[in-house]
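The values are calculated or read from the model by the stated rules, or taken from the named source; none is laboratory data. Since the structure is predicted, the reported quantities are computational estimates derived from the model, not experimental observations. With ideal geometry, Cβ positions are generated from the backbone for all residues, glycine too; neighbour counts draw on all protein chains shown.
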Amino acid sequence: MGRNGSFHIAIDDVTCVQCAGCVSICPTEALHMQGLTLECHDPTCIGCDLCVRFCPVVALSLHALSAPPVRAEA
Amino acid sequence: MRAVDVFVVGAGPAGSYVSYALAKRGFEVFMAEKRPEVGVPVRCGEAAGSLAELEHFLPLSDDWIAGPIDGARLFGPSGVRVERHMPGVGTQLHRDRFDQALARQAVEAGVELQTSLQIDSVGAFEHGGREVRGRNLAAAGAPFRMRARLLLGADGVESLVGQWLGLRRAFPVGDVHSALQYLLDQVPAGKRYIDLYAGHAVAPGGYAWVFPKQNGTANVGLGVHVTAKLRRSARDYLDDFVRTRFPDSRILDVTAGGVSGPRSLKSMVTDGAALVGESGHTNNPFSGGGIMNALESAEEAGVALGEALRDGDLSARRLRDYQKRWQARVGRTNDLFFKLRNLFFRFDDHEIDWAVESLQRVVAGVEQNNVDYTGIFRSAMLEHPKLVLKAARALW
């Protein structure tokens, strides 16, 4: 759906209850628990939106980063 | 570097019980828990089996028993319902204290438990064991290393150990429900039944539940099936549900998480390692429930892995005895529930109503010792011909 490296999942730390449900469904393992805090590894995120729709407490949102101008090898 | 017989990741019911079982057989067991306190925070509906079933695993205590469950009611979207009175069929738990009691039982049997210990890697199986690495979160992330002959992943729904071992991957879309639960007060006192509500307006592809606790409180929650069509969050659905049915209640606590309805793992074991409990996909794929299943998988692991440790053969081939025992005890039934789950996803509201009415006929029949399966099948053929096709597709 997306391209690696063009997306970021913003995490609302006040709303997030660290249930890690999103970690268990992220198809690229971009979301992970750093200790007891949820983090997103942007270069791995493909912007599929699954975690955003999954999050039971609506703590996640998807943001497009400024896309790289060209792909290295096209 | 320190070496132990068994290293267990996660001090939930599966981790604590398998640790206890192996320590009792004389092995040196080390159990790591990421959180500073076992059992906290609770991520569970807290409904488990009967007292007799629980007592098999742990001496009963009022400390963690919130009350009996004396039956169940299932409501279809139109309000049709089926009710079954089954005194003491289940037990409502204080899950935090339940987990703590299980961990205490393990520690008293000789298990060494360390909290605030995050595991980052489990190493390869070489020289008869694995090297586990992690960080002590209570000591500014001080590095941690330990060798173990046998590694057990009991790290729950989001199991990373299972992924590192190559035994499981992130769940495919649709295999995990997005679930949210409130602890509500001022829930009208009634029978101690668990109430389940199905229907697309309440919880698309899932169900809502009301599990009574103590002093007029109840766990009220729901899980929704995450698909491309889902437009609202679990929170939107639960807020609607609570506003309609419990307008006077206050929210005392919030629990969220993924409820998995997993397909059985092809393999729960590999060389020198195995998965127990939900990390090994042991929970019921239809209901999502997993406490009793986790304990049962831990018990089977205790027997089979204990024998493997004793004989010094920790090859995947030998550890598979555990999986065979699990399959015979619960796994095969779970495979059937997985098919039922896929059938349920295809139901529209009319078909859910029909299923509830049919269940009503089964329950009435069981009570009179005469279930009219032919009549139910006839009504399916005549009133819901599409349902038969859907069933054929989901079940075969």
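What to note about this one:
- The stretch B:148-182, subset of a type in the set (Gly, Ala, Ser) and more than 18 Å from the chain's Cα centre (by Cα), residue nearest to the other protein chains (Cβ to nearest Cβ): B:166
- Of all residues in the stretch B:1-35, those being modelled with pLDDT under 95 and basic (Lys, Arg) number 2.
- Listed by position, the strands (runs of 3 or more DSSP E) inside the stretch B:86-141 whose residues that are away from chain A (no Cβ under 14 Å) and touching a residue at least 12 places away in the same chain (Cβ under 8 Å) number at least 1 are B:112-114, B:130-136.
- Scanning the stretch B:205-244 for residues that are touching a helix residue (DSSP H, G or I) at 6+ places or on another chain (Cβ under 8 Å), in a loop (DSSP other than H, G, I, E, B) and either within 15 Å of residue A:55 (Cα to Cα) or among the β-branched types (Val, Ile, Thr) (or both) yields B:226, B:230, B:233.
- The stretch B:245-262, residues that are away from every other protein chain (no Cβ under 14 Å), in a loop (DSSP other than H, G, I, E, B) and touching a strand residue (DSSP E or B) at 6+ places or on another chain (Cβ under 9 Å): B:246, B:249, B:250
- Some residue of the stretch B:230-249 being assigned by TED's automatic domain parsing to the domain that holds residue B:17, without any contact (Cβ under 8 Å) to a residue 60 or more places away in the chain, surrounded by fewer than 24 Cβ atoms within 10 Å (Cβ to Cβ) and not acidic (Asp, Glu): no
Per-residue answers, yes or no, for (1) among the polar types (S, T, N, Q); (2) over 31 Å from the mean Cα position of the chain (by Cα); (3) closer than 16 Å to residue B:81 by Cβ:
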residue: B:340; (1), (2), (3): no, no, no
residue: B:345; (1), (2), (3): no, no, no
residue: B:348; (1), (2), (3): no, no, no
residue: B:361; (1), (2), (3): no, no, yes
residue: B:369; (1), (2), (3): yes, yes, no
residue: B:375; (1), (2), (3): no, yes, no
residue: B:381; (1), (2), (3): no, yes, no
residue: B:385; (1), (2), (3): no, yes, no
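- Residues of the stretch B:184-194 classified as within 15 Å of residue B:244 (Cβ to Cβ), at pLDDT below 95 and in contact with a strand residue (DSSP E or B) (Cβ under 9 Å, 6 or more places away or on another chain), total: 1
- Residue in the stretch B:193-203 that is surrounded by fewer than 23 Cβ atoms within 10 Å (Cβ to Cβ), within 14 Å of chain A (Cβ to nearest Cβ) and touching a residue at least 40 places away in the same chain (Cβ under 8 Å) present: no
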